[in-house]
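Reading through the structure tokens given below for one structure.
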Amino acid sequence: RNAFMKIAVIGTGVVGLTTGAGFADLGHSVLCVDIDAAKIAQLSKGLVPYYEPGLQELVTRNLDAGRLQFGGAPSHALRDAELLFVAVGTPTDDHGEMSLASLWSVIDRLEPWTGDSVKMIAIKSTVPVGTADRVEARLRSRLPEECLVDVASVPEFMREGSAVRDFFDPSRIVIGVASPETGARLELLHRRLPGGIIVTDRRSSELAKLASNAFLAVKISYANEMAALAEQTGADYPSVAKIMGHDPRIGPLFLNAGLGFGGSCLPKDTRALVRLADEAGAPQTLVAAAVRANVMLPLRTVRKLEAALSDPGRRKVALLGLAFKPGTDDMREAPSLRLAAELLRRNPGVRLTAYDPAAGEAARKLLPGAVKICATAEEALTGADAAIIVTEWREFRLFQAEDFKKWMNRPIIIDGRNSLDSEALNAQGVVCIGAGRLPAIPVEQIRLPGELLPKS
Ligand code: UDX
């Protein structure tokens with residue numbers, strides 16, 4: 001049996017829209033809804049309102065084929081569909097409190113349906129452990145008894161910038177269920193996708209998602225702290241990482257030093273996990289430390305700049321790359337925001353220019369007004385006394401030493417992501433200081449005094 005399903009998806013962010021368009025592409029009939037009427041109006045015309053490689057084509061193709069539809073009120077989503085994916089945002093505040101307001105508003109507005117099949121609600125949003133249980137209890141107490149419903153946890157692991165690829169080629173598919181029937185139906189739905197399917201209970205599924213993101217955060221913070229140690233001791237972190245990565249138990253991925261993790265998932269999910277763990281009486285001290293270490297990184301980079309450039313308050317500094325990672329225009333929790341704020345706070349008078357190939361417009365609304373957003377890297381670099389590569393966009397790698405020397409007042413580059421060939425640049429008279437790398441200028445000059453992390 002490979003029956004096509006009627007699916008509804010609530011929430012048209014990267015996760016919801018990619019999931020909806022992806023299942024439509026697999027032949028299912030999908031209705032995507034959102035409370036944002038303007039977004040739905042755009043999507044109905046076939047316009048994806050943000051940049052995600054391959055998603056526009058996927059949406060257009062399935063809209064034209066009639067398998068994908070937009071609109072309808074979220075409250076009606078379950079009237080015709082047998083499966084509802086919930087992919088709404090679950091923002092976390094600074095204290096790790098995850099807001100389930102959007103999720104509850106969806107759940108509390110679902111209208112009763114008729115018919116005798118069990119409707120499935122699959123939660124894709126990242127949520128605290130136990131949420132699927134609570135959703136089910138809340139629905140059962142509100143809906144008439146004849147509305148049969150079963151709630152599942154189907155977390156999403158897709159990355160921004162490769163969401164479409166990740167949908168069609170997932171690392172794993174996790175299905176957390178309380179009933180074997182729902183498990184079997186959801187397994188059938190995912191059968192045409194490669195990657196192992198793991199069916200488990202709902203709480204394990206919910207925790208596995210948080211645990212995976214937190215592990216990645218710990219790995220990155222480990223890399224960044226080790227890179228700082230390499231700087232302080234005159235070792236070369238990229239060599240150290242390469243050597244570590246050859247051990248299959250460690251692996252080479254997610255060991256790159258930089259200005260830290262940002263984005264819509266890792267920062268918020270780690271904070272939420274720390275809070276949840278404290279409340280559950282099983283504190284995650286490693287994850288808490290990873291969060292603290294991450295927050296300190298922009299300050300460390302500012303201090304590197306201050307060590308390399310005298311009197312920064314009277315200089316012009318260019319920031320290259322503003323999005324939280326290359327290949328996206330997403331500024332959510334981007335390290336560039338904290339970096340710019342720290343630079344201005346510690347060095348009043350510093351003139352900041354900034355350039356990003358995709359996130360310039362988004363950054364304009366978020367960066368302090370004093371930062372001049374430029375249309376090209378050349379414009380940002382022209383007359384600058386130093387540049388900081390914050391996000392490692394490909395195009396920065398194409399610049400030659402001659403370009404930097406021609407454009408900049410002084411060719412000093414803090415390569416925050418080790419994206420340039422620093423040896424080659426240094427040999428040609430550009431001061432390029434990588435993350436966790438031996439600097440071109442004497443170690444003593446950029447050695448940072450003491451411990452940077454606060455004690456708790
Ligand atoms: C992440 C997870 O990868 C994904 O599985 C989950 O579903 C959502 O969160 P995403 O937020 O798209 O996906 O970003 P990802 O590509 O994983 O990068 C996360 C951050 O870590 C970026 O800010 C990136 O710059 C940083 N990073 C990554 C490093 O600093 N060093 C590395 O080695 C890798």
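The values are calculated or read from the model by the stated rules, or taken from the named source; none is laboratory data. Predicted, not measured: the structure shown is a model, and the values here were computed from it. Because the Cβ atoms are built from the backbone with ideal geometry, glycine has one as well, and the counts that use them run over all protein chains shown.
In table form, for the structure just shown:
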| quantity | calculated |
| --- | --- |
| Of all residues making up region 322-337, the number that are surrounded by fewer than 24 Cβ atoms within 10 Å (Cβ to Cβ), within 12 Å of the ligand (Cβ to nearest atom) and within 17 Å of Ala377 (Cβ to Cβ) | 2 |
| Extreme residue, nearest to the ligand (Cβ to nearest atom), among residues of region 206-222 that are within 14 Å of Leu255 (Cβ to Cβ) and without any contact (Cβ under 8 Å) to a residue 60 or more places away in the chain | Leu216 |
| Residue that is modelled with the lowest pLDDT [pool: residues in region 254-313 that are in a loop (DSSP other than H, G, I, E, B) and more than 13 Å from the ligand (Cβ to nearest atom)] | Ser310 |
| Subset of region 381-422 (residues that are surrounded by fewer than 21 Cβ atoms within 10 Å (Cβ to Cβ), more than 31 Å from the chain's Cα centre (by Cα) and either within 28 Å of Ala223 (Cβ to Cβ) or not assigned by TED's automatic domain parsing to the domain that holds Pro312 (or both)) | Ala401 |
| Residue match in region 170-179 (condition: out of contact with any Cys (no Cβ under 9 Å at 6 or more places or on another chain), modelled with pLDDT under 95 and farther than 19 Å from Leu83 by Cβ) | no |
| Filter result for Gly251 (part of a loop (DSSP other than H, G, I, E, B), under 12 Å from Asn294 (Cα atoms) and not basic (Lys, Arg)) | no |
| Answer residue from region 371-399, given it is within 16 Å of the ligand (Cβ to nearest atom) and in contact with a strand residue (DSSP E or B) (Cβ under 7 Å, 6 or more places away or on another chain) and is farthest from Ile433 (Cα to Cα) among those | Phe396 |
| Verdict on Arg165 being surrounded by fewer than 21 Cβ atoms within 10 Å (Cβ to Cβ), of a type in the set (Lys, Arg) and away from the ligand (no atom under 13 Å from the Cβ) | no |
| Extreme residue, surrounded by the most Cβ atoms within 10 Å (Cβ to Cβ), among residues of region 168-205 that are more than 16 Å from the ligand (Cβ to nearest atom) and of a type in the set (Lys, Arg) | Arg202 |
| Test for Val59: is it aliphatic (A, V, I, L, M), surrounded by 18 or more Cβ atoms within 10 Å (Cβ to Cβ) and touching a residue at least 60 places away in the same chain (Cβ under 8 Å) | no |
| Lone qualifier among Leu319, Leu352, Leu309 - being crowded, with 21+ Cβ neighbours inside 10 Å and touching a residue at least 40 places away in the same chain (Cβ under 8 Å) | Leu319 |
| Answer from Ala152, Ala163, Ala241, Ala217 - the residue that is farther than 26 Å from Leu17 by Cβ and modelled with pLDDT of 95 or more | Ala241 |
| Considering residues of region 338-365 that are within 20 Å of Lys268 (Cβ to Cβ) and out of contact with any helix residue (DSSP H, G or I) (no Cβ under 6 Å at 6 or more places or on another chain) only, the residue farthest from the ligand (Cβ to nearest atom) | Lys365 |
| Verdict on Arg138 being modelled with pLDDT of 95 or more, touching an Asp or Glu at 6+ places or on another chain (Cβ under 9 Å), farther than 30 Å from Pro326 by Cβ and more than 16 Å from the ligand (Cβ to nearest atom) | yes |
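Per-residue answers, yes or no, for (1) under 30 Å from Leu148 (Cβ atoms); (2) part of a helix (DSSP H, G or I); (3) at pLDDT below 95:
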{"residue": "Ala21", "(1), (2), (3)": "yes, yes, no"}
{"residue": "Leu58", "(1), (2), (3)": "no, yes, no"}
{"residue": "Gln69", "(1), (2), (3)": "yes, no, no"}
{"residue": "His76", "(1), (2), (3)": "yes, yes, yes"}
{"residue": "His95", "(1), (2), (3)": "no, no, yes"}
{"residue": "Asp108", "(1), (2), (3)": "yes, yes, no"}
{"residue": "Ser117", "(1), (2), (3)": "yes, no, yes"}
{"residue": "Ser125", "(1), (2), (3)": "yes, no, no"}
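Let's see how each residue does on (1) without any contact (Cβ under 8 Å) to a residue 60 or more places away in the chain; (2) more than 20 Å from Leu299 (Cα to Cα):
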| site | (1), (2) |
| --- | --- |
| Lys325 | no, no |
| Arg338 | yes, no |
| Glu342 | yes, no |
| Arg364 | yes, yes |
| Ile373 | yes, yes |
